[in-house]
1. So what are the radius of gyration and Dmax for the Cα set of segment A:155-292, in Å?
2. Can you list the lysines whose alpha carbon sits under 26 Å from that of residue A:71, skipping same-chain ones fewer than 8 residues off?
3. How much accessible surface area, in Å² rounded to 10, belongs to the heavy atoms of residue A:150 with a 1.4 Å probe?
4. Through the Karplus equation 6.51 cos²θ - 1.76 cosθ + 1.60, θ set to phi - 60°, convert the phi angles of segment A:228-236 into ³J(HN,Hα) values in whole Hz; use x for Gly and Pro.
5. Highest mean first, how do A:106-113, A:168-175 rank when packing is the count of other Cβ atoms within 10 Å averaged over residues?
6. Suppose we look only past 31 Å in the calculated P(r) of chain A. What percent of the Cα-Cα pairs does that tail hold?
7. Please state the charge dipole magnitude for chain A, taken about the Cα centre, from unit charges on C-beta atoms (+1 on K and R, -1 on D and E), reported in debye and rounded to the nearest 20.
8. Please arrange A:20, A:377 by accessible surface area, largest first, computed with a 1.4 Å probe and ligands excluded.
Amino acid sequence: MLQVSNIRANKEKYIAALAKRNFDAEDIFTRVLQLDETRRSTQSRLDDTLAEANQLSKEIGLLFKTGEHLKAGALKEQSAQLKEASRSLSEELTDAVAKLDQLLYSIPNIPHESVPAGTSEEDNEEIFKAGDIPVLAEGSMPHWELAKKYDIIDFELGNKITGAGFPVYKGKGARMQRALIAYFLDKAATSGYKEYQLPLLVNEASGYGTGQLPDKEGQMYHVTEEDLYLIPTAEVPLTNMFRDQMLSESDLPVTCTGYTPCFRREAGSYGAHVRGLNRLHQFDKVELVRIEKPENSFAALEGMVDHVKELLEELKLPYRILRLCGGDMGFTAALTYDFEVFSTAQDRWLEISSVSNFETFQTNRLKLRYKDKDGNKQLLHTLNGSALALPRVLAGILENYQTPEGIMVPEVLIPYTGFDRID
RNA sequence: GGAGAAAUGGCAGAGCGGUCGAAUGCGGCAGUCUUGAAAACUGUUGAGGGUCACACCUCCGGGGGUUCGAAUCCCUCUUUCUCCGCCA
């Protein structure tokens with residue numbers, strides 16, 4: 001959520017920046033500033049009324065003490081009037097605040113200056129590419145066929161137990177998943193991230209804190225009985241651990257990681273792009289979260305990019321990095337780098353990581369701040385990135401490492417799997 | 001699931017319906033003393049809104065109520081603790 005004071009100070013600049021997301025902010029900013037004006041003047045009238053009422057109560061108290069009950073009775077009537085006035089003013093105030101919040105919740109984050117304008121993924125900017133795309137032998141298959149051939153992932157079984165998008169990993173497939181999780185967590189630990197095991201259900205306040213609510217309500221599974229949400233990413237519980245916190249300089253930066261299953265409803269997709277592991281309702285992911293001082297956040301973002309690069313290089317997967325354009329970037333992000341692995345058998349790129357800086361967009365909602373050396377309080381920056389999302393990494397490994405003798409295990413994973421080939 | 005008790009500032013812990021944003025202790029910060037540190041002593045120390053700065057307003061788990069006036073009384077929700085039951 002943007003800060004009203006920033007909108008006031010940077011209105012024109014923000015309008016231009018939001019145009020890169022194809023978001024027309026002109027009118028909405030005008031209404032925000034008007035409502036904020038209303039909010040402040042109503043607040044100030046309410047404060048005056050309350051101040052008067054407080055004063056009056058003190059006087060009445062004194063009069064009672066000195067036994068002047070008649071005078072006190074007269075003042076009581078005045079007090080009743082003030083009470084009536086403050087009641088209606090506070091209704092006005094609540095109303096103005098609610099309208100203002102609603103508007104603010106509907107405005108996406110301001111894109112960083114390096115974000116290209118654009119309307120779709122076509123306009124994303126490729127900034128890096130590495131790894132050799134293997135030349136596969138005759139008869140190579142997409143991962144869903146490999147999964148069946150070697151009996152390592154069973155989609156039908158998942159259909160039976162739950163429904164589409166909930167695969168069952170079996171035998172070496174299950175072991176491969178566990179190996180990847182352990183490998184990713186170990187790498188995160190080496191890079192200094194503290195590991196957490198987190199709740200998979202979160203409350204409404206957490207959903208608002210990281211920005212999944214109110215705008216992406218349809219993305220999450222909602223447990224209505226308890227009013228809880230299944231997490232779409234570990235970002236939600238990881239970041240919300242720090243909601244309503246005042247950190248000190250020495251706490252920073254905060255770096256944490258966690259492995260969790262992630263749940264996404266993702267209604268309305270179909271076809272080859274959601275085949276196999278390409279798009280699931282439940283999948284595993286190791287997530288990184290950083291909380292940084294504003295002046296360090298973009299350097300930290302580059303550091304996260306380097307971390308993810310290292311993973312892909314060790315796994316020896318061909319990948320590229322995209323800088324997302326305004327139209328493709330998530331609602332809450334100021335700058336996002338997507339990592340994609342080349343799926344040889346499908347002949348397409350698969351997104352396996354998204355690394356973003358949210359600047360103060362989340363911390364404003366989260367009320368996550370720190371006290372700097374001079375004792376000034378300011379909002380921190382939050383960042384997060386997948387390192388990595390498992391299913392598509394697995395798809396990439398299955399497809400790129402397939403040979404007539406079976407699927408070779410990337411060398412770096414062998415200590416974790418205990419086998420070097422799926423056959 | 002049943003029965004009781006509780007929720008106050010970074011922590012611990014007082015608090016008669018008015019002078020309580022809240023005693024006291026610890027911790028934090030600044031200073032005195034010291035070659036330096038510790039100890040001791042002195043001062044200072046919650047958050048949000050608002051203002052150029054004051055003033056002023058709000059906040060004692062959340063929400064509602066009683067009252068001229070609520071941390072203090074009532075209702076309700078949540079959480080924690082103790083006892084009983086059940087249970088991986």
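The values are calculated or read from the model by the stated rules, or taken from the named source; none is laboratory data. Please read all numbers here as calculations on a predicted model, not as lab measurements. No Cβ is skipped: glycine too gets one built from the backbone with ideal geometry, and neighbour counts run over all protein chains shown. The area values use the complete protein model at the heavy-atom level, side chains included, leaving out ligands, DNA and RNA. Shrake-Rupley method; radii C 1.70, N 1.55, O 1.52, S 1.80 Å.
1. 16.6, 52
2. Qualifying lysines at Cα under 26 Å: A:58, A:83.
3. Its heavy atoms expose roughly 40 Å² to the probe.
4. Along segment A:228-236, the couplings run 10, 10, 6, 5, x, 6, 5, 3, 5 Hz.
5. Numbers: A:106-113: 19.5, A:168-175: 17.2.
The peptides rank, most packed first, as A:106-113, A:168-175.
6. Numbers: 43837 of 89253 pairs.
Above the 31 Å cut-off, chain A has 49 percent of its Cα pairs.
7. Details: 48 positive and 64 negative charges, 172 e Å.
Taking the Cα centre of chain A as origin, the dipole is about 820 debye.
8. Numbers: A:20 40, A:377 115 Å².
These residues rank, largest area first, as A:377, A:20.
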